[in-house]
Structures are given as structure tokens and as C-alpha cells.
Amino acid sequence: EVERSEDDSFFGGQVKQFANDLKTYSSPVVFGIEGPWGIGKSSFANLCCERLKKISNNKPVIYKFNPLNYDDTDKVLMNFYTELIAAIKKKYFEPEVEALLESYMEKVIAALSEQSIQLIKIKIAKPVTDTEQIMKRLEKSLANLDYQIFIVIDDLDRLDFVTVKKIFFMMRNVFPFPNLKFIVCYDFEAMAQSVKMSYSASQFETFWLENFISKYINRTY
């Protein structure tokens, strides 16, 4: 796995293209890095992060979230936001952002009233005024940051598809905030096998997964 551009022999042009593409998107945005095992997805993600640090004077927060580190996938949201706060703390002193993230996630987790394994049906209770105010304050606080937060999620295809859906939902529905950008790495064929294991193979068509992914990922490499 390559981490520095000096050690790279393949991805230079694509990494530059990634940095250019990033400028065309306002938050929120999800970038997908797709390919079979061993093709270099992790290396490409590392090189993109290195490039982002260089062009932004090392200001960005790079947060690598690995759901495989946790036995209880039901706690994906909780694990994600606690580590996100830790990643920000490691580089910047942002007590307001941290406090608002804590309050927001307490409300979100409490509001998740129904989770269905039927495709992507996750129902959230109608937010109360207090929750809406916290969300607006958090959005404003994140928008005022003079740096961006890049969240890398690798090996997405190694998770069961129920957990994959939770992560997609989290990226696009729970954290659609300014200055938060996601980079996810996955093997489409491996993910398709996971879908077949989660549902009846006779009911699965590849185009369904392609359509599903396209709803959550803005650009794929």
C-alpha cells in the first residue's frame, strides 16, 4: 500500500484529476474509488489525501474510519461520530463543533425509530424544533471552518450489505454538512455477492446495485 507520491508509479495523473474535480463540488459530496481487490484503491485514496494536504497547506483533517474494527455493526453511527470528534480534536481546538456534534448525534440516534433490511428503508421521526436548531447551528459552525474534513472509508465491500446501507445513509442523510467530504473504496463485484447473500439471488439484478450506488456517490474513479 503506497502512502507517498514518491513511491507511486501509476496514479499521478488521476490524483491531480481528483484534486481538480474536488473544486467543482460544494459540500456535501461522496467520491467512490471502485475496483477489484489488489488494484490499488487504498493507495489511490492515500495519495489523494496527501495531495489535498499539500494544496491546502496541511490544513485538512483526514479521518480514516474503518467499520471492520468494530464487532457490533449496529453502533456504526456512534463509532463514526466519536472517532470524528477525536480526529478533529487531534488537530484543532473546536469545542463548539464538538459539543454540537455530540448533541446532534444524541438526537439522531434517539430518533432512528425503524430499520428495515428491505433495500434502504430507514425511517426517522419528524425532528422537533430543538433538533432542527442544533442541526442549523452545527451546519453554520462547520461552514465557518477554514479547513475541510475528508473522511476515508476503505474496504466497504468487506461488510455485510445491511451495514453498507447504514454507511451510505450516514454519509448522505445524517452528515450532509459543509466542509465534510467522503471518499469510499469498494469492489463492486464483491458488494454484489454481499447483496445476493442478504437477499434472494433470484430477486437480485446488477443494475439495481448500480442504481443504488449512483444515488449516494457523486463521482466514481
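Each peptide in 15-22, 59-66 was scored by the mean count of other Cβ atoms within 10 Å over its residues; highest first, the order is 59-66, 15-22.
Each residue of the range 50-62 is assigned a 3J(HN,Hα), and the resulting list reads 4, 4, 5, 5, 5, 7, 10, 6, 6, 7, x, 8, 9 Hz, derived from the Karplus form 6.51 cos²θ - 1.76 cosθ + 1.60 (θ = phi - 60°), x at Gly and Pro. Past the 25 angstrom mark, what percentage of all C-alpha to C-alpha distances in the chain do you count? Counting every Cα pair in the chain, those more than 25 Å apart make up 41 percent. Under a Gaussian network description of the chain, with springs only between Cα atoms under 10 Å, the residue in 104, 186, 25 that fluctuates furthest is 25. Sorted largest first, the spans of the alpha carbon positions of the range 1-58 along the three principal axes are 31, 25, 17 Å. Round to the nearest 0.05 the FRET efficiency obtained for residue 64 and residue 205 when R0 = 22 Å and r is the Cβ-Cβ distance. About 0.10, to the nearest 0.05. With contributions of -39500 (n - 2.57) from each DSSP H run of at least four residues, the per-residue ellipticity at 222 nm computed over the chain stands at -15000 deg cm²/dmol. Note on the range 144-200 and the range 1-56: Cα centroid distance 17 Å, given to the nearest whole angstrom. Ranking 43, 56, 26 by solvent-accessible area of protein heavy atoms (1.4 Å probe, all protein chains present), from largest to smallest, gives 26, 56, 43. A simple spin-label model places pseudo-atoms 7 Å from Cα toward Cβ; at residue 25 and residue 54 they are separated by 2.1 nm. Determine the sum of side-chain charges near residue 82: Lys and Arg each +1, Asp and Glu each -1, restricted to other residues whose C-beta is under 12 angstrom from that of residue 82. Net of charged neighbours comes to -2.
Taking a straight Cα-Cα cut-off under 12 Å and skipping sequence neighbours fewer than 8 places away in the same chain, the aspartates and glutamates within cross-link reach of residue 64 are 83, 154, 155.
In order along the range 130-136, the Karplus-derived 3J(HN,Hα) couplings, from 6.51 cos²θ - 1.76 cosθ + 1.60 at θ = phi - 60°, round to 4, 5, 4, 5, 4, 4, 5 Hz, and Gly and Pro are given as x. Dividing the mean sequence gap of close Cα pairs (under 8 Å, 6+ apart) by how many residues the chain holds gives a relative contact order of 33 percent.
Note on exposure: 158, 4, 172 ranked by accessible area (1.4 Å probe, complete protein assembly) read 158, 4, 172, with the most exposed listed first.
For a quick check of your reading of the filter: which GluC sites (Glu not before Pro) in the range 1-38 sit in a DSSP loop and have no more than 14 other Cβ atoms within 10 Å? Within the range 1-38, the qualifying GluC sites (Glu not before Pro) (loop, at most 14 other Cβ atoms within 10 Å) are 1, 3. With the simple spin-label model, which puts each label point 7 Å out from Cα in the Cβ direction, the residue 17 to residue 144 separation comes to 3.9 nm. Nearest-5 percent of antiparallel DSSP beta bridges in the chain? Antiparallel: roughly 15 percent of the beta bridges in the chain. At full extension, residue 189 and residue 99 could sit 28.4 nm farther apart than now, given 0.36 nm per residue minus the alpha carbon distance. Residue-wise HN-Hα couplings along the range 5-16, as the Karplus relation 6.51 cos²θ - 1.76 cosθ + 1.60 with θ = phi - 60° gives them from phi, are 4, 5, 9, 9, 10, 10, 9, x, x, 5, 5, 4 Hz; Gly and Pro carry x. On a 24 Å Cα-Cα criterion, which of the cross-link pairs 59/90; 16/181; 107/196; 41/89 come out too long? Exceeds cut-off: 107/196; 41/89.
The values are calculated or read from the model by the stated rules, or taken from the named source; none is laboratory data. Everything numeric here is computed off the predicted structure, so don't read it as measured data. A quick note on method: Cβ atoms are made from the backbone with ideal geometry, for glycine too, and the neighbour counts reach across all protein chains shown. In case anyone asks, the SASA skips ligands and DNA or RNA and just uses the protein heavy atoms, side chains included. Shrake-Rupley method; radii C 1.70, N 1.55, O 1.52, S 1.80 Å.
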